[in-house]
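A.B. asks: Encoded as structure tokens, here's the structure I'll be asking about.
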Amino acid sequence: MTPIKECLINRNTKINPIWLMRQAGRYLPEFRDIRKENPDFIKLCLNPDLSEEITLQPIKRFDFDAAIIFSDILMVPYGMGQTVEFKKNLGPNLGSLEITELQKITENSFKKNLAPIYKLLSNLKDSKDLKDKDIIGFVGAPWTLLVYMLNKVSPKKGLPSDLLKDKIFIDELLNLLDKFIKIHIENQINAGATIIQIFDSWAGLIKKDFDRFLYNPTLSLVNHVKKLGVPVICFPRDISDYVQFSKIVKPSMVNIDYNIDAKSLVETLDIPIQGGLDPKFLLTEKETLKKETLKYLEIFKDHPYVFNLGHGILPETKVEMVYELIQIVRGYK
């Protein structure tokens with residue numbers, strides 16, 4: 001059994017598995033070399049040979065306990081026919097959205113659009129570098145994808161007040177997202193994913209209608225993954241109540257962000273927990289990193305816990321600090 005499954009299934013608290021969100025990415029010089037030659041991010045995600053190489057880069061360098069596929073949550077809108085581009089220093093930029101056009105997309109068209117991702121997973125399944133390691137596939141949660149598809153760009157500055165005004169349109173889009181996200185999940189599992197993580201990166205923007213936008217859509221996905229016999233991790237970033245979320249949605253494990261009081265969760269949550277460390281601590285001194293890392297290891301020493309960050313690793317992170325982090329986690333007894 002892999003270290004993460006040992007934690008998830010057997011609730012083993014004597015091991016400290018570690019992987020990092022966005023571990024296959026911009027902080028690695030070997031990734032930057034590939035990126036220079038491949039400026040089109042979507043094309044890179046759809047190149048199974050290069051995306052396999054990128055997925056394995058942090059495994060070969062750091063020997064993490066899991067590989068997370070090199071892909072993006074916006075591949076689902078892309079698969080559904082919406083234009084998706086990534087612009088330097090601006091981030092994602094999505095094209096116009098017509099519900100009638102989205103309704104015409106068939107399951108076969110969607111699968112064909114994203115077939116290279118499933119080829120990537122199939123390749124990874126046979127990789128000798130991933131013996132005794134999990135392969136994590138992932139999707140964006142319906143709310144987060146809805147926000148990107150409607151807002152067209154990252155909602156860092158907040159959402160326009162009228163973005164959700166057309167309730168019929170929103171419900172139809174949520175239904176379509178539920179359908180195609182499930183197809184994407186199923187195809188990832190069939191191709192070799194051993195764990196699925198659901199990223200709700202903008203869950204913190206939900207101020208009301210939590211059942212409609214957060215709990216019910218995520219629960220639908222979680223139940224689907226469980227039926228397929230694979231553990232599911234949820235990361236509803238920046239929500240105020242991880243306990244309520246976990247009680248309603250019942251993921252196999254919940255990933256917490258760095259704004260939450262981790263100590264309070266140990267007393268109230270009975271499921272495995274992942275994450276928490278602010279990725280900014282990887283930009284500090286080694287002593288500070290050690291102190292902050294040990295805080296989480298101490299808090300969760302008697303609770304099933306997978307070490308991870310409270311958000312993705314930052315591009316300016318130095319490789320030697322990642323080595324330091326791994327040493328601290330693996331040396332903790």
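A.B. asks: For residues in segment 112-135 being out of contact with any helix residue (DSSP H, G or I) (no Cβ under 6 Å at 6 or more places or on another chain), among the charged types (D, E, K, R) and surrounded by fewer than 17 Cβ atoms within 10 Å (Cβ to Cβ), which is modelled with the lowest pLDDT?
C.D. replies: Here the residue is Asp126.
A.B. asks: In this structure, is Asp162 farther than 25 Å from Ile256 by Cβ, part of a helix (DSSP H, G or I) and either of a type in the set (Asp, Glu) or in contact with a Lys or Arg (Cβ under 7 Å, 6 or more places away or on another chain) (or both)? Break it down stepwise before answering.
C.D. replies: Numbers: farther than 25 Å from Ile256 by Cβ: yes; part of a helix (DSSP H, G or I): no; either of a type in the set (Asp, Glu) or in contact with a Lys or Arg (Cβ under 7 Å, 6 or more places away or on another chain) (or both): yes.
In short, no.
A.B. asks: Another question, then. Within segment 5-52, take every residue that is surrounded by fewer than 14 Cβ atoms within 10 Å (Cβ to Cβ) and among the basic types (Lys, Arg) and give me the one that is nearest to Pro251 (Cα to Cα).
C.D. replies: Residue satisfying both the conditions and the ranking: Arg11.
A.B. asks: Can you run down the residue pairs with Cβ atoms below 6 Å, 6 or more apart or on separate chains, where the first is in segment 139-166 and free of Cβ contacts under 8 Å to residues at least 24 places away in the same chain and the partner is surrounded by 13 or more Cβ atoms within 10 Å (Cβ to Cβ) and of a type outside the set (Val, Ile, Thr)?
C.D. replies: Leu163/Leu150
A.B. asks: Kindly provide the set of residues from segment 45-58 that are more than 17 Å from the chain's Cα centre (by Cα) and closer than 18 Å to Ile313 by Cβ, ordered by number.
C.D. replies: Selection gives Gln57 alone.
For (1) at pLDDT below 95; (2) hydrophobic (A, V, I, L, M, F, W, C), each residue gets a yes or a no:
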residue	(1), (2)
Ser264	yes, no
Gln274	no, no
Thr293	no, no
Pro304	no, no
Thr317	no, no
Glu324	no, no
Ile328	no, yes
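A.B. asks: Of these, Glu298, Glu324, Glu320, which one is of a type outside the set (Val, Ile, Thr), closer than 30 Å to Arg35 by Cα, assigned to a helix (DSSP H, G or I) and without any contact (Cβ under 8 Å) to a residue 24 or more places away in the chain? Spell out how you get there, then give the answer.
C.D. replies: On the way: Glu298 fails: closer than 30 Å to Arg35 by Cα; Glu324 fails: without any contact (Cβ under 8 Å) to a residue 24 or more places away in the chain.
So the residue among Glu298, Glu324, Glu320 that is of a type outside the set (Val, Ile, Thr), closer than 30 Å to Arg35 by Cα, assigned to a helix (DSSP H, G or I) and without any contact (Cβ under 8 Å) to a residue 24 or more places away in the chain is Glu320.
A.B. asks: Can you give me the number of residues within segment 78-102 that are part of a helix (DSSP H, G or I), out of contact with any Gly (no Cβ under 8 Å at 6 or more places or on another chain) and surrounded by 12 or more Cβ atoms within 10 Å (Cβ to Cβ)? Before you say what the answer is, go through the steps one by one.
C.D. replies: Here is the first cut: in segment 78-102, the ones part of a helix (DSSP H, G or I) are 78-79, 99-102.
Imposing the further condition that a residue be out of contact with any Gly (no Cβ under 8 Å at 6 or more places or on another chain) reduces the set to 78-79, 99-100.
Of the ones still in play, those that are also surrounded by 12 or more Cβ atoms within 10 Å (Cβ to Cβ) are 78-79, 99.
Counting residues in segment 78-102 that are part of a helix (DSSP H, G or I), out of contact with any Gly (no Cβ under 8 Å at 6 or more places or on another chain) and surrounded by 12 or more Cβ atoms within 10 Å (Cβ to Cβ) gives 3.
The values are calculated or read from the model by the stated rules, or taken from the named source; none is laboratory data. What you see is a predicted model; the values in this text were computed from it and never measured. When we count neighbours, we look across all protein chains shown, and the Cβ atoms used for this are built from the backbone with ideal geometry, even at glycine.
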